[in-house]
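The values are calculated or read from the model by the stated rules, or taken from the named source; none is laboratory data. This one's a predicted model, so the numbers in the text were calculated from it and none came from an experiment. With ideal geometry, Cβ positions are generated from the backbone for all residues, glycine too; neighbour counts draw on all protein chains shown.
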Amino acid sequence: MKSRSLSLCGLFLGLAIATGCTPATNNNGATDTTTDPGAPSSEATGEINLYSSRHYDSDAELYEAFSEATGIEVNLIEGSDDELLERIRTEGENSPADVLITVDVARLWRAQQDGLLQPTESEVLTSAIPENLRSSDNTWFGLTKRARIIVYNTETVDPAELSTYEDLADPKWEGRVCVRSSSNTYNQSLVAAKIVEKGAEATEEWVQGLVANFAREPEGNDTAQIQAVASGVCDVALVNSYYVARLRASEDPQDQEIVANIGAFFPNQNEGEGGTHINISGAGIIANAPNVEAAQEFLEFMVTPEAQEIFANNNNEYPVVDTVAPNDVVAQFGDWTASDLPLESFGEQNAEAVMLMDRAGWK
């Protein structure tokens, strides 16, 4: 597997002479350009060019397993979600990209709406992946699941006090809630899901109540929220499940100290409450992919039991294929009911969610 990291400078190589921007290089000193990321020509079929925003070293094991099983080489180009989407747009018809992997459905939906992805007709994918976890036009497919859960301080919160996302807007939680900023796509998708489920007016009322209960202005990532709960800065926080599982699996004494002070709660589990909000890592084939057949073979490999165990479990996520069990650490969360809302609808409501959060003062 060949790997490169994306540089914003490399995105606009055509402007390099005028701006003095130096093209990015890989570990061997090779130039990384918008039209030649070490990719094969359109005639080649023994390689795929994978653009991925998942920055997990464990994914390398997955790509190596694919290459061993198929003989197809994976050229990995890494970058942030926005960088990769902009790069594909800039490259246009000359893009060497075959597959895009990104996190959060809103980004996949954006790529879908911008015409950056092509439909993939595959019975393997549609039979393995639940309908609500893939796009209606088969341009993108969920590959792993993560739940948006409530983390609580075990010294200050009785889990019997917890129930739903909506309940966190109750005045009893005033000054007790920590959360990431409204610019975080995980929070945007949660709010978008509530718009789909309850309508914009009811959702805005909920968000206003939630903001009123913040213990501090939003800051940091999900791990920072967990640390804040463990240290008593706040009593509860909204985080993705795999952040908690990652800490539980860690042998670092500091991580274990954090784990000793927190509990994990899956909200909205009673009948009529809608289930716990889920999101995905997902993938699609680029509209102008030079290696379409190999790209489809890659996606189909992603839903095999072998790949699902590697892809989901090494990052403590949930497999998207229901017949594949999560790893032992994730399984300790126990059984829970997930929301069955179509994730595509979260992307459709993302813009409304962002405006709603802004009006409510969620910074």
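Each residue in the stretch 200-220 was checked for being touching a helix residue (DSSP H, G or I) at 6+ places or on another chain (Cβ under 7 Å) and either buried (at least 18 other Cβ atoms within 10 Å of the Cβ) or modelled with pLDDT under 95 (or both), and 7 pass.
Of the set (1) assigned to a helix (DSSP H, G or I); (2) basic (Lys, Arg); (3) closer than 27 Å to residue 355 by Cα, all apply to residue 180 but (1). Of 131, 73, 83, all but one fail to be out of contact with any strand residue (DSSP E or B) (no Cβ under 9 Å at 6 or more places or on another chain), assigned by TED's automatic domain parsing to the domain that holds residue 325, acidic (Asp, Glu) and modelled with pLDDT of 95 or more; the exception is 131.
Every condition in (1) part of a helix (DSSP H, G or I); (2) surrounded by 15 or more Cβ atoms within 10 Å (Cβ to Cβ); (3) modelled with pLDDT under 75 holds for residue 14 except the one numbered (2). When the helices (runs of 4 or more DSSP H) confined to the stretch 215-292 are screened for residues that are closer than 30 Å to residue 50 by Cα, those reaching at least 1 such residues are found at 222-231, 241-249. Scanning the stretch 254-293 for residues that are at positive phi and within 20 Å of the chain's Cα centre (by Cα) yields one hit, 275. Being in contact with a Ser or Thr (Cβ under 7 Å, 6 or more places away or on another chain) and touching a residue at least 60 places away in the same chain (Cβ under 8 Å) is the filter; apply it to the stretch 108-119 and report the residue that is nearest to residue 342 (Cα to Cα). Only one residue fits best here, namely 108. Residues in the stretch 308-329 that are in a helix (DSSP H, G or I), surrounded by fewer than 23 Cβ atoms within 10 Å (Cβ to Cβ) and touching a residue at least 40 places away in the same chain (Cβ under 8 Å): how many? Total meeting the criteria: 2. Residues of the stretch 125-150 that are among the aliphatic types (A, V, I, L, M), farther than 15 Å from residue 99 by Cβ and in contact with an Asp or Glu (Cβ under 9 Å, 6 or more places away or on another chain): 128 alone.
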